[in-house]
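The values are calculated or read from the model by the stated rules, or taken from the named source; none is laboratory data. No experiment lies behind these values; they were computed from the predicted model shown. Here the Cβ is made from the backbone with ideal geometry for all residues, glycine too, and neighbour counts use every protein chain on show. These accessible areas exclude ligands, DNA and RNA; they are computed on the full protein's heavy atoms, side chains included. Shrake-Rupley method; radii C 1.70, N 1.55, O 1.52, S 1.80 Å.
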Amino acid sequence: MVEEEKNLRVVRCGGSELNFRRAVFSADSKYIFCVSGDFIKVYSTATEECVHILQGHRQLVTGIQLNPNNHLQLYSCSFDGTIKLWDYIDGILIKTFIVGRKLHALFTLACAEDSVFVIINKEKPDIFQLVSLKLPRSSSQEIEAKELSFVLDYINQSPKCIAFGNEGQYVAAVRDFYLSVYFFKKKTTSRFTLSSSRNKKHAKNNFTCVACHPKEDCIATGHKDGKIRLWRNFDDEKKYTYTCLHWHHDLVMDLAFSVTGSSLLSGGRESVLVEWREATEKNKEFLPRLGAAIVHISVSPAGDLFCTSHSDNKIIIIHRNLEASAVIQGLVKDSNIFTGLMIDPRTKALVLNGKPGHLQFYSLQSDKQLYNLDIIQQEYINDYGLIQIELTKAAFGCYGSWLATVEQRQEKETELELQMKLWMYNKKTQGFVLNTKINMPHEDHITDLCFCNAEKSENPTLVTASRDGHFKVWILTDDSDIYRKAVGWTCDFVGSYHKYQATNCCFSEDGSLLAVSFEEIVTIWDSETWELKCTFCQRAGKIRHLCFGRLTCSKYLLGATENGILCCWNLLSCALEWSAKLSVRVMEPDPNSENVAAVSQSPVGSDLFVFKPSEPRPLYIQKNISREEVQWGVFVPRDVPESFTSEAYQWLNRSQFYFLTKSQSLLTFSTTSPEEKLTPTSKQLLAEESLPTTPFYFILGKHRQQQQDEKLNKALENELVQLPLTENIPAISELLQTPAHVLPSASFLCSMFVNSLLLSTKTESAEEVPDDADMEEEKESDDSDEENNFTEEVQDTNTTDLGEDIIHQLSKSEEKELRKLRKVDYSWIAAL
Amino acid sequence: MLAAGEEGIVDSPGMGEFKVHRVRFFNYVPSGIRCVAYNDQSNRLAVSRTDGTVEIYNLSANYFQEKFFSGHESRATEALCWAKGQRLFSAGLNGEIIEYDLQALNIKYAMDAFGGPIWSMAASPSGSQLLVGCEDGSVKLFQVTPEKIQFERNFDRQKSRILSLSWHPSGTHVAAGSIDYISVFDVKSENWLMDSFGDETDFNLLGSAIHKMLVDRQYMGVSKRKCIIWGVAFLSDGTVISVDSAGKVQFWDSATGTLVKNHLIANADVQSIAVSDQEDSFVVGTAEGTVFHFQLVSVTSNSSEKQWVRTKPFQHHTHDVRAVAHSPTALISGGTDTHLVIRPLMEKVEVKNYDAALRKITFPHRRLVSCAKKRQLLLFQFAHHLELWRLGSTVATGKNGDTLPLSKDADHLLHLKAKVSKMPAFLRSALQILFSEDSTKLFVASNQGSLHVIRLLEGSFKHLHTFQPQSGTVESMCLLAVSPDGNWLAASGTSAGVHVYSVKHLKLHCTVPAYNFPVTALAIAPNTNNLVIAHSDQQVFEYSIPDKQYTEWSRTIQKQGFHHLWLQRDTPITHISFHPKRPMHILLHDAYMFCIIDKSLPLPNDKTLLYNPLPPTNESDVIRRRTAHAFKISKIYKPWNLTSGRISTISLQPLLFMELLDERTLVAVERPLDDIIAQLPPPIKKKKFGT
């Protein structure tokens, strides 16, 4: 099942920004769509569950819009230069329009039927244009669309800065200090400029976003100083007027009008959704405490739901009466990652810094945040320049039953606030409960902490290393008093080595040895007696990473130094086994094998080396896994082991390696080829192929066709009644392929259906000729499983020579039916 | 800096230095503005203040305050309106309706309306009828006759005082705002049955519906005691706009008596409303000092449906905006903070000239201070009294820009309040009085347009002569100037030109050719007897009285034109004086600058720097000479220096008066705005974000 020649690729694995663009609601508000890296995710608004992932783009998806002509279809555009049309209910790609230029945003208009608007950049990097793109009608799946017509120049690349107003009569664009309005009918552009930073009062007049009133000629613009301006009369460059709404104290990040235009929604860094009713300053409603800055606001076409995208990669679905009804939370990428990547042994979730002061548990499989653990448990005050308490270290111990966290806040050099918390997993509540809080566990920053995870150890042990020159051993002791039984953590041992700063600590796999590095020196301690066993010193710079080998390699200790030396010591001989010159940024042992992954940083990029401590030759080298610096990595045990036979990929059999780059994109390795990964989701009529062999199945095509072929070869036999080639009967495929909700009533279809099953004794040739065109068309619709009316349109363009008017959806096929019926010879009935 | 009410002497040695008395003990506080009324026929604005003063501003003449009626404590105006063209009426809490004589600048008559204090007054669109709303709830209709006004009838008496009135533009209906409700009357209806009113849905016999629209007392969910309708406006489509004490602007349908739209705009009272003539925009003023502009804009560009939208707020006031007016091109507002603010509507202004700039008028456009040069006395004119002060003096000397200590403080000598009644009848009302230089003659400009010359004797006086006005004109003279030798008397009215009389021969000597803009200051130069005239459009003329023609310098400057920055100044020149030793110098000042015109230097053109700072002393004389021009200006708010270094590095506050005491001493009467604001009642406290 695994082909050797397949290449190992670095792939983005979820955790992408859900808040990159405005989310889009389906017409019935049942689904919400959001871009997520190269994919589009379809969530159910009621259950918050991801219903479909629309995959097909090869680069970041930059815009999604409902097809204004068919609200069951979705357009998307991407940096890969294509616009794709999707059937989101079935998760099927219908069409791809190849534009061939980087598309930055997409807009659709109901009145512009066959064209969409996209933002492209000109040759110069920072100049963006809004252009109208004609989507050619064609039945093929991949269509070149190159017919661009220019609308507006020198615009902001963010789609928040473009808005179409009043049924597409004009488009408003904002940038810096001006608002430009292009009128499609008059083909003129008006430009309104605000006084810029010449004086202090207007220094923050910059436009940040724009929205157009759905019914009236009114443009709302958001500004950097928190003002919202409502522009009117802007078709007259002299008589234009605006009014101000001011509540936000920081920039307005997004604006949206409700469907009827009766209220305006605005949001910003305050994390408060403000609803301005009747666009008056005094009549406003708030939905506060949304957790993070509001980046985007969108409104469902049905008008019953709003949604806000937040800077912590979260989408909140809000009911019309300003009650949050659902939260879709992705991987939070808001803050610096201090804790690194960890795996919660219980849930197998990825654990890292989340919201400020929180630890997030993120499921890699479902690309969803499982929950947030509030570690700091203090109100977070979002203010620029405020020094916050940072969650700096965390570690799981004893198979996930203990969690240790360290938080610190340093306002001045001498004032360090340090706190270590130990959390016990409570089976009843299925969550972590604070057990012990230790104020100032050390005099200085804690550089590392680790649990003793040996199977045999009966008493949980935690070691912390600190810059104050000590490492401390904490053990769980009985803390019961007369009121209750309890356990708590106390310090058991304090070790130091010549007043050097302790930088790393690590337990051996069996828990018998503890390695603590003191700057350049590695010390080995016996975990029973806390006796210094031996020291290693390579004089190759301070130790940055330290880890013991596992399984068969447990006699080795690995250390990576700042000077770019990777050392491996043999603990039995107490000697250096080997050393290599490698500037290691990340060193992670695989818990399920002997393998150790090391990521080194070179000026061109980061390289991955996988090796066993026993031999200095790496098992696998992947150069240039990322152009950026890799900050953290982790091995995640696989649920189902893979069985790569290739030696190079065997290290991926039991675990998967995930790493996080500086720009906080979570990446991993995958062997599946991009083509396979991005299977064109043209799995239409999958139902047809996988039907169980029921009588219904016999009516349908494939089987019969094969039979018929055989029969034709055998020449005619008389015992079987000749059934028609049902696959080619349009009425049946029509019936089976059209979504149920667009089908006419069953009584209407019934006669047609039955008629189509009746045998006619016409000649082969007479049957073949008129059906030819139909067959072709049916195949097309097979290919795409499009909406019926869409097919109709295509057919319309194809068969315009017939000059037939299409009255309603099925009229065309009815015509065909009628035509066919006229030709059907029912004389055989008389013969009976 | 000097504290208020103090006097300091600033020494500035150097070439031609001055010792400057900086006087800040003129405790002048203008009264708050109560009403404004705009007359579009004459483009004039009438402003009444809380002390009963009424001022007329000519908006065409650079917003010059051309007429002035002094007030009285017992005559607090509550309403002001123009009727029948250009007749001005006011009504007040003493229950009287007053008509002003705009020619003679006095009160024509006062008529009691017999309804208790009058709160509101409105002239019918035709101007032939006047409606007043009284304390007792009655609305009284007066007919405006050519000479007087005549009571016609009472409307239905309401339960409480009528605070606002507005006519429908057709003159058939009237909306009256009271406490908690608005009533709509049919003017033509003969039957004003008392019992037909009271029920909202009741109709009287003739079918003229009287609606009573109850205004919600609710204010942000909190019920206030009463909702006072401070203003109503009746639009031609039948909409009534009301502003009330709950901070609401409400739109009512007068035909059905229903509320159409509600705009909550302020947390405090909305006190005034004014609608433009085209009814496409209106302006309201709130007690928070904010003025809101509402505009009628079309909903979409291709539909005829229009809606009222609140557009821009203007915060030019710190206190209540008691009155607003809407001229075709500007929003005018005034309030308790005594400023009259004229905010032009940019979209209506065609050319960018000084009409397009925001105007804030605080100080009167006339001289309130006079000075006895030899005795070093200052006479301050207040609204209802006079004060006489003696300047302090110093013996110290110092460097340029030093503040010298006073050896003798300024003295308050007199406080004149009582009026001397032993006066001949013709002297009872004088608009302007002036003593001759040698104090032997007194010139009195009376309100009948005549000028009286009186010889002063020891303890008594003798009427010498009366210059009668030109036949046919009754316009009063309000500016007088006498030549230092006492031979010539120049007098100017509000519109006609300047007349020069020969005091020796007691006859009219000549008349300076009439100019479109009113005269703001007059002075006759010593020796040459040149008459210097400043007009409200900032033009300055020099007219030679003996030659009866403009001087050569005046012709030159007219030919070349003034510097554009000079013409853009927005306060008129209120005083002109001359240097006793330098005949080529003319000293003049407005509220924000002091200028010495040196006629010997070249005139500035638009390319030169008008407000040029003092070139560094190390610059060669050539450069100094090249940059020097005739206008040496000291800007008040910025410490500009005069080119010749006459006044250096002292920043002055708004200047009410400046005069040369002698060739080395200058007296400047300043009035810092902060001192005025300190004496006003505290404004409504508003929460400011971040405090």
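Evaluating B:VAL341 against the criteria (1) free of Cβ contacts under 8 Å to residues at least 24 places away in the same chain; (2) buried (at least 21 other Cβ atoms within 10 Å of the Cβ) leaves one unmet condition, (1).
In summary, A:VAL299 fulfils each of the numbered conditions (1) within 30 Å of B:ALA268 (Cβ to Cβ); (2) of a type in the set (A, V, I, L, M, F, W, C); (3) open to solvent by 10 Å² or more (accessible area, probe 1.4 Å) with the single exception of condition (1).
May I ask you to verify whether A:LEU287 is at pLDDT 90 or above, within 25 Å of A:ASP383 (Cβ to Cβ) and not aromatic (Phe, Trp, Tyr)? Outline the logic, then answer.
Numbers: at pLDDT 90 or above: yes; within 25 Å of A:ASP383 (Cβ to Cβ): yes; not aromatic (Phe, Trp, Tyr): yes.
It is true that A:LEU287 is at pLDDT 90 or above, within 25 Å of A:ASP383 (Cβ to Cβ) and not aromatic (Phe, Trp, Tyr).
How many residues does region A:345-376 hold that are among the charged types (D, E, K, R), free of Cβ contacts under 8 Å to residues at least 24 places away in the same chain and crowded, with 21+ Cβ neighbours inside 10 Å? Quick ask: steps written out before the conclusion?
So in region A:345-376, the residues among the charged types (D, E, K, R) come out as A:346, A:348, A:355, A:367-368, A:374.
Filter again for free of Cβ contacts under 8 Å to residues at least 24 places away in the same chain, leaving A:374.
Add one more test, that the residue is crowded, with 21+ Cβ neighbours inside 10 Å, and what stays is none.
Of the residues in that region, 0 qualify.
Among the residues making up region A:649-663, those that are surrounded by fewer than 21 Cβ atoms within 10 Å (Cβ to Cβ) and within 21 Å of A:SER602 (Cβ to Cβ) are A:THR661, A:LYS662, A:SER663. Here the condition is being among the hydroxyl-bearing types (Ser, Thr, Tyr) and open to solvent by less than 30 Å² (accessible area, probe 1.4 Å); of A:SER480, A:SER466, it holds for A:SER466 alone.
Which residues, taken from region B:540-590, are in contact (Cβ under 8 Å) with a residue 40 or more places away in the chain, open to solvent by 70 Å² or more (accessible area, probe 1.4 Å) and either closer than 18 Å to B:ALA481 by Cβ or among the polar types (S, T, N, Q) (or both)? Within region B:540-590, B:GLN560, B:GLN568, B:PRO580, B:PRO583 qualify.
A:ARG21 - would you say it is touching a helix residue (DSSP H, G or I) at 6+ places or on another chain (Cβ under 9 Å) and open to solvent by less than 50 Å² (accessible area, probe 1.4 Å)? Criteria met by A:ARG21.
Answer yes if at least one residue in region A:283-297 is part of a loop (DSSP other than H, G, I, E, B) and within 14 Å of chain B (Cβ to nearest Cβ), and no otherwise. Step through it out loud before you land on a result.
Going through region A:283-297, the residues part of a loop (DSSP other than H, G, I, E, B) turn out to be A:283, A:288-293.
Then drop every residue that is not within 14 Å of chain B (Cβ to nearest Cβ), which leaves A:283.
Within region A:283-297, one or more residues are part of a loop (DSSP other than H, G, I, E, B) and within 14 Å of chain B (Cβ to nearest Cβ).
Among the residues of region B:291-307, those that are within 11 Å of chain A (Cβ to nearest Cβ) and buried (at least 20 other Cβ atoms within 10 Å of the Cβ) comprise B:PHE292, B:HIS293, B:PHE294, B:GLN295, B:VAL297.
Of all residues in region A:259-276 being of a type in the set (D, E, K, R) and either within 12 Å of another protein chain (Cβ to nearest Cβ) or part of a loop (DSSP other than H, G, I, E, B) (or both), which is farthest from A:ARG22 (Cα to Cα)? Don't jump to the end; show me each part of the working.
Step one: of region A:259-276, the residues of a type in the set (D, E, K, R) are A:269-270, A:275.
Retained after the next criterion (residues that are either within 12 Å of another protein chain (Cβ to nearest Cβ) or part of a loop (DSSP other than H, G, I, E, B) (or both)): A:269-270.
On the way: A:ARG269: 16, A:GLU270: 19 Å.
The qualifying residue farthest from A:ARG22 (Cα to Cα) is A:GLU270.
Only a single criterion out of (1) away from every other protein chain (no Cβ under 14 Å); (2) surrounded by fewer than 22 Cβ atoms within 10 Å (Cβ to Cβ) is not satisfied by A:SER309, namely (2). Filtered by the rule that a residue be at the interface with another protein chain (Cβ under 9 Å from one of its Cβ atoms), open to solvent by less than 30 Å² (accessible area, probe 1.4 Å) and either part of a strand (DSSP E or B) or of a type in the set (Ser, Thr, Tyr) (or both), region B:242-271 gives a lone residue, B:HIS263. From the list A:LYS421, A:LYS427, the lone residue that is buried (at least 20 other Cβ atoms within 10 Å of the Cβ), under 21 Å from A:TYR371 (Cβ atoms) and within 35 Å of the chain's Cα centre (by Cα) is A:LYS421.
Of all the criteria given as (1) away from chain B (no Cβ under 14 Å); (2) over 16 Å from A:ALA220 (Cβ atoms); (3) in a strand (DSSP E or B); (4) of a type outside the set (Gly, Ala, Ser), the one not satisfied by A:ASN321 is (3).
None of A:LEU572, A:LEU557 is of a type outside the set (Val, Ile, Thr), within 17 Å of A:VAL522 (Cα to Cα) and surrounded by fewer than 16 Cβ atoms within 10 Å (Cβ to Cβ) except A:LEU572. Please determine whether any residue of region A:259-278 is under 24 Å from A:SER132 (Cα atoms) and buried (at least 16 other Cβ atoms within 10 Å of the Cβ). No.
So, in region A:199-213, of the ones that are modelled with pLDDT under 90 and open to solvent by 10 Å² or more (accessible area, probe 1.4 Å), which residue ends up nearest to the other protein chains (Cβ to nearest Cβ)? Give the derivation first.
The first filter runs over region A:199-213 and keeps only residues modelled with pLDDT under 90, leaving A:199-206.
This time we only want the ones that are open to solvent by 10 Å² or more (accessible area, probe 1.4 Å), so: A:199-204, A:206.
Numbers: A:ASN199: 15, A:LYS200: 15, A:LYS201: 12, A:HIS202: 15, A:ALA203: 16, A:LYS204: 14, A:ASN206: 20 Å.
For region A:199-213, the residue satisfying everything is A:LYS201.
For region A:601-614, what are the residues that are without any contact (Cβ under 8 Å) to a residue 24 or more places away in the chain and either small (Gly, Ala, Ser) or over 15 Å from A:LEU557 (Cβ atoms) (or both)? Lay out the reasoning, then the answer.
Residues of region A:601-614 without any contact (Cβ under 8 Å) to a residue 24 or more places away in the chain: A:602-605, A:607, A:611.
Hits for region A:601-614 are A:SER602, A:PRO603, A:VAL604, A:GLY605, A:ASP607.
When region A:313-344 is filtered for residues that are surrounded by fewer than 18 Cβ atoms within 10 Å (Cβ to Cβ) and either more than 22 Å from the chain's Cα centre (by Cα) or among the polar types (S, T, N, Q) (or both), the ones remaining, listed by number, are A:HIS319, A:ARG320, A:ASN321, A:LEU322, A:GLU323, A:SER325, A:ASN336, A:PHE338. Out of B:VAL174, B:VAL132, one residue alone is crowded, with 17+ Cβ neighbours inside 10 Å, in contact (Cβ under 8 Å) with a residue 60 or more places away in the chain and either not small (Gly, Ala, Ser) or not in a strand (DSSP E or B) (or both). It is B:VAL174. Counting only strands (runs of 3 or more DSSP E) that fall entirely inside region B:49-125 and contain at least 3 residues that are over 24 Å from B:ILE273 (Cα atoms) and open to solvent by 10 Å² or more (accessible area, probe 1.4 Å), the qualifying elements are B:64-69, B:106-112. Against the list (1) touching a Phe, Trp or Tyr at 6+ places or on another chain (Cβ under 9 Å); (2) part of a strand (DSSP E or B); (3) not basic (Lys, Arg), the condition B:TYR515 fails is (2). For region B:682-691, filtered to residues that are more than 14 Å from chain A (Cβ to nearest Cβ) and surrounded by 10 or more Cβ atoms within 10 Å (Cβ to Cβ), the residue that is nearest to B:THR50 (Cα to Cα) is B:PRO683.
Of all residues in region A:214-258, those that are within 12 Å of chain B (Cβ to nearest Cβ) and open to solvent by 10 Å² or more (accessible area, probe 1.4 Å) total 21.
Every condition in (1) open to solvent by 20 Å² or more (accessible area, probe 1.4 Å); (2) not in a strand (DSSP E or B) holds for A:GLY541 except the one numbered (1).
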